[in-house]
1. From Ser125, Ser109, Ser89, Ser103, grab the single residue that is in a strand (DSSP E or B), out of contact with any Asp or Glu (no Cβ under 8 Å at 6 or more places or on another chain), of a type in the set (Gly, Ala, Ser) and within 30 Å of Leu155 (Cβ to Cβ).
2. Residues to consider are Thr35, Thr24, Thr46; find the one that is of a type in the set (S, T, N, Q), assigned to a loop (DSSP other than H, G, I, E, B) and within 19 Å of Lys134 (Cα to Cα).
3. Tell me the residue from Val136, Val164 that is touching a residue at least 60 places away in the same chain (Cβ under 8 Å) and in contact with a strand residue (DSSP E or B) (Cβ under 6 Å, 6 or more places away or on another chain), please.
4. Can you tell me which residue is farthest from the chain's Cα centre (by Cα) among those in the range 141-161 that are touching a residue at least 40 places away in the same chain (Cβ under 8 Å) and in a loop (DSSP other than H, G, I, E, B)?
5. I'm checking my understanding of the structure. Among residues of the range 53-76 that are surrounded by fewer than 14 Cβ atoms within 10 Å (Cβ to Cβ) and out of contact with any Gly (no Cβ under 9 Å at 6 or more places or on another chain), which one is farthest from Met126 (Cα to Cα)?
6. Quick one: count up the residues across the range 115-152 that are surrounded by 16 or more Cβ atoms within 10 Å (Cβ to Cβ), touching a Leu at 6+ places or on another chain (Cβ under 8 Å) and modelled with pLDDT of 85 or more.
7. From Asp58, Asp18, which residue is free of Cβ contacts under 8 Å to residues at least 40 places away in the same chain, out of contact with any Asp or Glu (no Cβ under 7 Å at 6 or more places or on another chain), farther than 25 Å from Leu133 by Cα and not in a strand (DSSP E or B)?
8. Might you check whether a residue that is at pLDDT below 90, within 15 Å of the chain's Cα centre (by Cα) and of a type outside the set (A, V, I, L, M) occurs anywhere in the range 14-23?
Amino acid sequence: MAVNLSPLAGAGSQFFDDSGNPLTGGLLYSYAAGTTTPATTYTSNTGSVANPNPIILDSAGRPPNEVWLTNFNAYKFVLQNSTYVQIWSMDNISAIRSGGTQSYQTATSGQTVFTGLNYTTSNNSMQVFVNGLKKVITLQYIETNSTTITFLSGLTLNDIVEFVQ
């Protein structure tokens, strides 16, 4: 299984309460993006050992292991203190990818169709971002064919669309 480091809680991360104290015994939950469906994170780049869910932070407010994410999946993280009070929630977090290719296009007003790509459809080999925000296939865009992405609603003039494979 291909995994890459999480940009949130990846390696050496430390979490704090609202007073700036280490979040001793804090709880870091991981879910599939936009849901409350638990999603697995991993302890290393092998992707063979799952972290517990939630990850319980140590006395310094750090996860006991690194946090690695499955490539091409977006996650939601929820951080709570040790008494289950939510501190924050962050959605649409994707792994830090190494390698691969990126291309950028600037949208015209109302543009939905973007061409000039070259990828394999239906295997999650493409990630699409608009102005840095990850978009969800079938909810926000479709893979028209191996060279074209079509958004379900028109973009705004000068939106920056990033294609990552």
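The values are calculated or read from the model by the stated rules, or taken from the named source; none is laboratory data. No experiment lies behind these values; they were computed from the predicted model shown. Heads up, the Cβs are rebuilt from the backbone with ideal geometry, glycines too, and the neighbour counts pull from every protein chain shown.
1. Working: Ser125 fails: in a strand (DSSP E or B); Ser109 fails: in a strand (DSSP E or B); Ser103 fails: out of contact with any Asp or Glu (no Cβ under 8 Å at 6 or more places or on another chain).
Only one candidate passes the filter, namely Ser89.
2. Selected residue: Thr35, the only one of Thr35, Thr24, Thr46 that is of a type in the set (S, T, N, Q), assigned to a loop (DSSP other than H, G, I, E, B) and within 19 Å of Lys134 (Cα to Cα).
3. Val164
4. The qualifying residue farthest from the chain's Cα centre (by Cα) is Leu157.
5. Filtering the range 53-76 for residues that are surrounded by fewer than 14 Cβ atoms within 10 Å (Cβ to Cβ) and out of contact with any Gly (no Cβ under 9 Å at 6 or more places or on another chain), the one farthest from Met126 (Cα to Cα) comes out as Ala60.
6. 3
7. Unique residue meeting the criteria: Asp58.
8. No: the range 14-23 contains no residue that is at pLDDT below 90, within 15 Å of the chain's Cα centre (by Cα) and of a type outside the set (A, V, I, L, M).
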